[in-house]
Amino acid sequence: MKSPESSKPSARRLRSRSALALLSLATAAVLAGCASAEQSTPAASASPAGFQPVAQTDGSQITVWADSTRLPAVQQYQKSHPAVKMDIVTYDGSANGSTYLQTKVQLFDRTGNGWPDVVFGSPTDVTWASRPTGPSATAFAAPLDQNLVPKQTLDGFAKGSLEPCQANGHTYCMRNDIAQVVLWYNKALMDRFGYEVPTTWEQYEALGEKVAKEHPGYLVGSIGDTNSQESYFWSSKCPAFNLVGPDTLKVDLADANCTRMATLLDKLIAAKAVTTQGFFSQGFAKEGGGKVLMANGPSWYGQYLFNSAFKVPAGQIAAAAPLTWEGESDGATGNVGGGVWMVSSHSKNLKASTDLVTWLTTSDENQANAPTYPAYVPAAKAWLANPVNKEYFATDIGDVFQKAADLVWTGWSNTRFSDATAWSSVVLPALTEGKTLSETLPQWQTAIIDEAKSVGYTIAAK
């Protein structure tokens, strides 16, 4: 399972207008209004880099594509801004690596109409949306830093959180949320067993082996989900998906930062303190959810995993800062999910479109009640102050979340393909067969390289 912000499992419906048929999508768009030149107001001034907005029509309807999780927020905006004309469409939000949005934009680029004004998607969408899909097309995503969103607003996002939005020296999206990895633990169980919360990976390993001996059956983690590599290998600064140029990818799983994590996890798997069964696999919540002592995972684990899935009562679960390696002063962590909002460069009402995206990503009115941790720093503080996000936990998680938000390692890059594919198709089956992570690293690397080349990347020499 990816994060709830980008791939929360659910059945989602695509509501169509006359040009689109009604579709049903298992995991979890629409015609833009036409206006004549005589009815249009002058286009916004072009930026020095050459972004030329289409002729603008004040007050024209904007079409918004959102996933089902974000749908209530868009509806809330419409309710509080009744003067804004909106056509809201629900689609899969690029969940689980879906290419639905990209395929539709390619179609709209060929036909010359149909682009939505605002879309929710995944960071991977930005890799293609910031480029033309064909020789006669215009990049779908508008550069928001070119006279659309104030620099002060963009500067308010957590350190590094807008990096997936950036290409060609410009910013093409606004981050809805981030999913910084922290160390979750069951404080009630830790206190009962007399264990101290680890601060380093070495302490985590030692505690995991101790748990296996003293309390067999209890777990300090899982690597069986489709996002587990982001929690562990990303946090270890493993260069598995490191863009060293716009189209050049470094993949080096023989790097010491990769092998150290594989070795650590192999020991804990052998001790049965880390499971190869996914936390989100069928039956795990009922059978093993109550025996998860620790879990290195994203900020949304608190509510979505421990509260909703494992049904752990309030007052037991706490979060600690990302683990560090002994001898290293610079901490780092991974990120598991985090959606984005993009404005179409074809929008005839950029004012309304950018206002909506700004409100969705930065306003306390929306983000304080959002299901996931906001990327915009002031809104994140409001989210943390919300009793719903505060009272469930055994300790104050505010400082931990804020610290981790600034520690997400930027060397695990946003690429044109999902980092989950090779992990799910090569590594997880190997673990099921009883192979170790260490011996599977070469096969994982080959799978990543093959996928990277298939979408046009050049692989950097080691």
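Say we look at the stretch 335-388 and pick out the residues that are of a type in the set (S, T, N, Q) and part of a loop (DSSP other than H, G, I, E, B); which of these is nearest to the chain's Cα centre (by Cα)?
So, considering only residues that are of a type in the set (S, T, N, Q) and part of a loop (DSSP other than H, G, I, E, B), the one nearest to the chain's Cα centre (by Cα) is T372.
Within the stretch 195-239, track down each residue that is over 11 Å from L268 (Cα atoms), open to solvent by less than 20 Å² (accessible area, probe 1.4 Å) and outside any loop (DSSP other than H, G, I, E, B). Of everything in the stretch 195-239, those that are over 11 Å from L268 (Cα atoms), open to solvent by less than 20 Å² (accessible area, probe 1.4 Å) and outside any loop (DSSP other than H, G, I, E, B) turn out to be T200, W201, S228, Q229, E230, S231, Y232. For the stretch 316-330, the criterion of a residue being at pLDDT below 95, surrounded by 23 or more Cβ atoms within 10 Å (Cβ to Cβ) and not acidic (D, E) is satisfied by no position. Taking first residues from the stretch 323-339 that are under 20 Å from E196 (Cβ atoms) and partners that are open to solvent by 10 Å² or more (accessible area, probe 1.4 Å) and aliphatic (A, V, I, L, M), the Cβ contacts under 6 Å between residues at least 6 apart in sequence or on separate chains come to G331/L407.
For the stretch 170-194, the tally of residues that are part of a strand (DSSP E or B) and hydroxyl-bearing (S, T, Y) stands at 2. Is there a residue in the stretch 400-407 that is buried (at least 16 other Cβ atoms within 10 Å of the Cβ) and under 24 Å from D145 (Cβ atoms)? Yes, the stretch 400-407 contains at least one residue that is buried (at least 16 other Cβ atoms within 10 Å of the Cβ) and under 24 Å from D145 (Cβ atoms). Just to verify a result, which residue in the stretch 428-440, among those that are out of contact with any helix residue (DSSP H, G or I) (no Cβ under 6 Å at 6 or more places or on another chain) and surrounded by 14 or more Cβ atoms within 10 Å (Cβ to Cβ), is nearest to T133 (Cα to Cα)? Top of the filtered list is L428. Scanning the stretch 431-441 for residues that are part of a helix (DSSP H, G or I) and either under 26 Å from the mean Cα position of the chain (by Cα) or farther than 21 Å from R260 by Cβ (or both) yields a count of 5.
Can you tell me which residue in the stretch 260-289 is surrounded by the fewest Cβ atoms within 10 Å (Cβ to Cβ), limited to those that are under 19 Å from G434 (Cβ atoms) and of a type in the set (S, T, N, Q)? This residue is T263.
The values are calculated or read from the model by the stated rules, or taken from the named source; none is laboratory data. Predicted model only: the values in this text are computed from it and were never measured. Note: ideal-geometry Cβ built from the backbone for every residue, glycine included; neighbour counts use all protein chains shown. Protein only, heavy atoms only, side chains kept; ligands, DNA and RNA dropped before computing areas. Shrake-Rupley method; radii C 1.70, N 1.55, O 1.52, S 1.80 Å.
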